[in-house]
Amino acid sequence: MEFSEHIKTANVEDVVLRRPFHPPMQGTLCVTGHHLLFSNRDGDSSRLVLLLLRNIDAIEKSVENLLGYSSLFSSTGQSQRPSVSSGTITLKCKDLCVLQLDIPGMEECLNIARSIEYLSSLDIVSDMYPFFYRPLKLSLQDQWGLSSPEQNYAQMEELQDRWRLSHVNKDYSVCPSYPPAVIVPHSIDDETLVKVAKFRQGGRFPVLCYYHRKNGMVIMRSSQPLTGANRKRCREDELLLQAVIDGSGLGYIIDTRSNQQAQQARMTGGGFESKSSYSCWKRLHRQLERGKVLQESLIKLVEACGDHSHSVDRWLSKLENSKWLSHVHTALATAGLLAECVERDGHSVLVHGSEGTDATLLVSSLAQLILDPNTRTLDGFLGLLEREWLLAGHPFQHRCAHSAYSHARLRLEAPVFVLLLDCVWQLARQFPLAMGFSEPLLLRLAREVYASDYGTFLCNSDQERCAAGVKERTHCLFQFLLKPSEREHYSNPLYEPTELAIWPSIQPQSLQLWRGLFLRWTQHAVHLEKAQEELRNLVIECRGAS
Amino acid sequence: MEHILTPKVEEVKLLDRYTAKKPAIGTLYLTATHLIFVETSCNTRKETWMLHHLIATVEKLPLTAMGCPLHISCKNFHVAHFVISSERDCQNVHQSLVRLSQPGKVEELYAFLYNPKQDEDERRNGWGFIDSAMDFKRMGLPNEFWEMTDLNKNYELCSTYHSELGIPKTASKGTVFGSAKFRSRGRIPTLSYYHKESNAAICRCSQPLSGLSARCVEDEEMLQAISRANPKSTFMYVVDTRPKLNAMANRAAGKGYENEDNYSNICFQFVGIENIHVMRNSLQKLLEVCAMKSPTMSDYLTGLENSGWLRHIKAVMDAGVFLAKAVAEDKASVLVHCSDGWDRTAQVCSLASILLDPFYRTIKGLMVLIEKEWISMGHKFTQRCGHVDGDPKEVSPVFTQFIECLWNLMEQYPCGFEYNEKYLLEIHNHVYSCQFGNFIGNCQREREEMRLYERTFSVWPFLWENRHQYRNPLHKCSLGREVLRPSTLPLNFKFWCGMYNHFDKGMQPKQSILDHLLTITQKKAEGEKKMTDLQIQLAVMDGVLADQGSPTGTPPEQTSLSPVSVSHTAENAKPLMNGAAVEEAEIELVPTAGSEKMEPVAIEN
């Protein structure tokens, strides 16, 4: 595609850039296919600001044409510059930063605004920047991704007598949003799986996502069963679930919808596992919000954080009204419940909502962080994200098309992944020594998921990523984050591994607004960042001494 | 002792405040000073101690199937729900606690019984450990503009002020005494903080008795003198920390505020901090929010908003920031008052001092500040903290709010303070515990009359002795003379879980960064000390150093420590007990064991 046809004005001089933490800067603005480039030459030193167009969520422009007025003010306006038409573009980014560009010349301003509007919302995957990003230090020959389902399975020897790796989905025909290989009970053959897939929305049949070494219990996830209004049954589905709890007698199903929502789902062909058909399974309903509700919650929260009026009451009321912390609360509480079923009660659990691609993944990954020390290392955490979000088919491209500032009509956007990062941050705040990774990692992921140089979060599923050649033609973010040069910055200096489960407190008093993310661009964050640096230096110094 | 009807009750249940977890079963002991619950149901011995004077309310609730519930809440926000099987026992414990928690007179307070086995010299020296007069010297007094006077040496000028006051040099004795007549309770404008860099000063006083039209030439001269003491500035601020309506209402009662027409070159300003009654009620509402059983996030946030608590904290902070800005940026002097000038004025002046002067951000500096702005300037600790049975309308969390503002600053500047959160909590605790004499009495004169300095111990040497626990390992001295300019946007004010839910361990982060850092820095310091010692030994052996006793390895701050080597630690602070209870309770104190296990809170099935 030719980007140039969408760039009418490529260069403007004497533009003023205003951004947080920096004094206004005058320089040259340049628009390219994927970036805004701002350069300023101040004596010998020159500075360059690079902004990925994909990062721009909303653009607001205002133009002033004072030309017509100049004669009216001729007596006072004489000292002013002859060209007085100008425009201001406000860029609201997906990483929540707000920038402003003062551009001389109305025409130039409008041209640039048009280019940004168009180029920031490209939706053809192969046009996106990761396909053009070619840094010197990285090679496309490097491994893409951290691990494969085969490797994951091979590593867990203890489960291999009861569980097998099935390649029934090798050409993505059984379930388009699943990876080519999944772990299922040994006794269930591929033919059965094909039948089960037909009974589950989107073909997402129950698969193993976590094996608890201590007691052999597992966490399974799936989508809702398609029981419909007629309470249809599927023998194979019942067999599969029976095979999961084989021997242990009872299992829990955590349905991430309310009982009422689950009942209503039957009207549209969905449903739930009824007591009569699944007598050994006990269903628990916990309503987690998703989709539009979640997106609107984020929009309201960000709006509240940007409201700098001086009333505490108004702030608290807006914070409450956004419901964001309520979502954090529910997600952690449900994950805690799931972990408790596995660790305390010693039962296996199946978790699903409707599609099984959002709240399901949120709850299952949080529960794994609570239970499994291996997921709390830097490598382990990125591995968890790869398994439970990328391979498990969270539709990143749909969910992260827009962030909190966009005026575009909401379609499939939902900040489920940001909610996950927030919950992980809450866990790390309550257990500051238990995580091998640091807050900067969470912040980096929160940014990369919306706009990135890397291909990792492109597309909606493994199948799409393969089809688009993402793995051959882009670089992998996770591989990059684990490079020695980056690793240091993203590890937690206080990390002390613990084998124990980390049970979070879910009293509202124990949960806090994630200031690092939502107040990222205020002075507050600067002091906190300095403190983190100080802490890292202190720990290193102490280590050196001992 | 005569108030203790039942010294020991067995088979008492201690309920968890928030969860439906199995209650702890144990024995309740009532001693002369503490209520002690010793858990017998677990293997590790777990004890809960509650000082009688810390108990704010004790309630006996109606009999239930489990037994008779006794609900105790303390001034340090410790809350305990006991269930006692026999109603008669419960009745007795209740009756005793009501009496013991509300001493009739000051002499019954713990400080008069507390004896950490120090000798008399140490005790006496302890009282000299912090001297607020020294702080004025540190600021550069006397200088060409300001001097310390003893005009109040017999408390004749003002009965609630300290005997030594900082006054502008140009103010005559007549002016000072004349001004005192025109100020509520004689609390004349006096120096609180002198900012060397700008010559600007913060002064404090009470409201003028201006009524609807009264004037006082001496008072006007007094303000002139303060203004002149900062010759580079053409004006001074007069800040009334009350809401304008309250101040206007006071005019009708013959009090009020300065009329800008009568005083030359003043810039008058209201900052709108609510009075002690509003604050008391607000705290009450906040504590109700804390006591909610498994609230939803919305319940909690709505409750927090409705309590108004954070709004008040912000109002105090805003006022402090205003003062600091006036002094540091406008280089103008400020005179601050509220009604009597001992509550809001103390809050605001001390906050401004912390913002302006890094000394107050050190462990010792905070002691000096509290001594200077609160204790010696007549904050009515006895009444505000409700130390003895008295008018409940005089009780108000004024000091608590100051400490909370300070905590908020520490949250914004994690590297800016030498002390940590524990220090604030410990000070706050001691303000209410009355274990030491410092916070007993309403003013200096009262303390002298009570002979507190002869009969009780000072808390400061005790805190200093334990200062290693109160260090902030991230503290950066390099901030130098930096004036703090905190953001007072509403979203910077957070609920202080560490204070209001301090005793609900399940709600605190399960691992503490602070403790971890303290441990590793301690280890490092020990390692380094060992190294220096070895080097010295080597040097001595090599004959480089002749004298082994030279203070090479001693940090400078230790040499400045007055000869108080207080030996008491938390364990020495044990209460007096009758024989039986001592035997039972003196086994190792492990109050936190068992509570650190990682357990989920309030996960419902």
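Values quoted throughout were computed directly from the atomic coordinates according to the rules given, and no laboratory measurement underlies them. Just so it is clear, the model here is predicted, and its values are computed rather than measured. We place every Cβ from the backbone using ideal geometry, glycine too, and count neighbours over all the protein chains shown.
Calculated mean residue ellipticity, 222 nm, chain B: -11000 deg cm²/dmol, from DSSP H runs (n ≥ 4) at -39500 (n - 2.57) each, averaged per residue and rounded to 500. A simple spin-label model places the labels of A:GLU499 and A:LEU50 4.7 nm from each other, with each point 7 Å out along Cα-to-Cβ. When peptides B:262-272, A:199-209 are sorted by average Cβ neighbour count within 10 Å, with the highest value leading, the order is A:199-209, B:262-272. With both bridge residues required to lie in the range A:149-513, what share of the DSSP beta bridges run antiparallel, to the nearest 5%? Given both bridge residues lie in the range A:149-513, the antiparallel proportion sits at roughly 45 percent. Dipole size of the protein assembly as shown about its Cα centre, with +1 on Lys/Arg Cβ and -1 on Asp/Glu Cβ: approximately 1840 debye, rounded to the nearest 20. Under the combined filter of DSSP loop state and at most 11 neighbouring Cβ atoms within 10 Å, the range B:52-161 retains these GluC sites (Glu not before Pro): B:GLU144, B:GLU156. For B:ASN43 and B:SER172, the FRET efficiency from 1/(1 + (r/R0)^6), where r spans their Cβ atoms and R0 equals 60 Å, is about 0.20. Ordering of B:301-309, A:168-176, B:534-542 by packing is B:301-309, A:168-176, B:534-542, highest average first (other Cβ atoms within 10 Å, averaged per residue).
Among B:424-430, B:338-344, sorting by the average number of other beta carbon atoms lying within 10 angstrom of each residue, highest first, gives B:338-344, B:424-430.
Divide by every residue of chain A the summed helix terms, -39500 (n - 2.57) for each DSSP H run of at least 4, and state the resulting mean residue ellipticity at 222 nm, rounded to the nearest 500 deg cm²/dmol. Each step should come with its number before you reach the end.
On the way: 20 runs with 197 residues, N = 546.
Computed mean residue ellipticity for chain A: -10500 deg cm²/dmol.
What's the angle, to the nearest 10 degrees (0 to 90), between helix A:324-343's Cα axis and the longest principal axis of chain A? It works out to around 30 degrees. Taking the dipole about the Cα centre of the protein assembly as shown, with the C-beta of Lys and Arg at +1 and of Asp and Glu at -1, give me whichever of B:SER298, A:GLN100, A:GLN532 is farthest to the positive side. Highest projection toward the positive end goes to B:SER298. Only the Cβ atoms of Lys and Arg (+1) and of Asp and Glu (-1) were treated as charged; on that basis the dipole of the range B:140-356 about its Cα centre amounts to roughly 260 debye. For the protein assembly as shown, give me the percentage of DSSP beta bridges that are antiparallel, rounded to the nearest 5 percent. Antiparallel bridges: around 75 percent, rounded to the nearest 5. Among the GluC sites (Glu not before Pro) within the range B:206-287, which fall in a DSSP loop and have no more than 16 other Cβ atoms within 10 Å of their own Cβ? Answer in residue order: B:GLU260.
Would you mind giving the mean number of other chain beta-carbons within 10 Å of the Cβ of each residue in B:292-298, as a whole number?
Details: counts 3, 0, 3, 3, 4, 14, 7.
Across B:292-298, the average partner-chain Cβ count within 10 Å equals 5.
Shielding of peptide B:461-467 by partners, expressed as the average count of other chain Cβ atoms within 10 Å per residue Cβ, is 0.
Given the range B:321-405 reduced to its alpha-carbon atoms as identical point scatterers, what log10 I(q)/I(0) does the Debye formula return at q = 0.11, 0.19, 0.27 Å⁻¹? Treating every Cα as an identical point scatterer, log10 I(q)/I(0) equals -0.32, -0.88, -1.39. For the pair B:LEU113 and A:SER173, label points projected 7 Å from Cα toward Cβ lie 8.6 nm apart. Please find the FRET efficiency linking B:ASN281 to A:HIS308, where r is the Cβ-Cβ separation and R0 is fixed at 22 Å, and quote it to the nearest 0.05. E(calc), rounded to 0.05, equals 0.15. Shown here for the range A:235-291: trypsin sites (Lys or Arg not before Pro) in loop regions (DSSP other than H, G, I, E, B) with at most 16 other Cβ atoms within 10 Å, namely A:LYS275.
Among bridges DSSP assigns within the range B:140-356, what percent are antiparallel (round to 5)? Walk me through the numbers before you get to the answer.
Values: 9 of 22 bridges.
Roughly 40 percent of the DSSP beta bridges within the range B:140-356 come out antiparallel.
For A:LYS323, list the lysines whose Cα falls under 16 Å from its own Cα; do not include residues on the same chain fewer than 8 positions away. Cα-Cα hits under 16 Å: A:LYS292, A:LYS300.
Note on the range B:140-356: lysine pairs with Cα distance below 22 Å, sequence gap of 8 or more or different chains, count 20.
Spin-label model, B:ALA539/B:GLU329: points 7 Å from Cα along the beta carbon direction are separated by 4.9 nm. Using 0.36 nm per residue and subtracting the Cα-Cα separation, the extra length available between A:ASN230 and A:LYS530 on full extension is 101.9 nm.
For B:ALA133 and B:ASP121, calculate 0.36 nm times their separation in residues minus their Cα-Cα distance, and state this gained length in nm to one decimal. Spell out each step's value before the answer.
On the way: separation 12, 0.36 × 12 = 4.32 nm, distance 2.16 nm.
Stretched out fully, the B:ALA133 to B:ASP121 stretch lengthens by 2.2 nm.
With a 10 Å cut-off around each Cβ of A:322-335, the average count of Cβ atoms from other chains is 2. The reciprocal of the average 1/r between distinct C-alpha atoms defines the Kirkwood hydrodynamic radius, which for the range B:8-101 equals 13.2 Å.
Take the Cβ atoms of A:HIS285 and A:ARG543, set R0 to 56 Å, and the FRET efficiency comes out at 0.70. Which part of the range B:194-210 falls in the paramagnetic zone of B:CYS267, meaning amide N under 18 Å from the point 7 Å along Cα-to-beta-carbon? Inside the label zone: B:195, B:198-203. The aspartates and glutamates whose alpha-carbon is closer than 13 Å to the alpha-carbon of B:LYS524, local same-chain residues fewer than 8 away aside, are A:GLU541.
If you average the sequence gap of Cα pairs under 8 Å that are 6 or more apart and divide by the length of chain B, what percent do you get for the contact order?
Values: 1036 pairs, mean separation 98.5, N = 605.
In percent, rounded to a whole number, it is 16.
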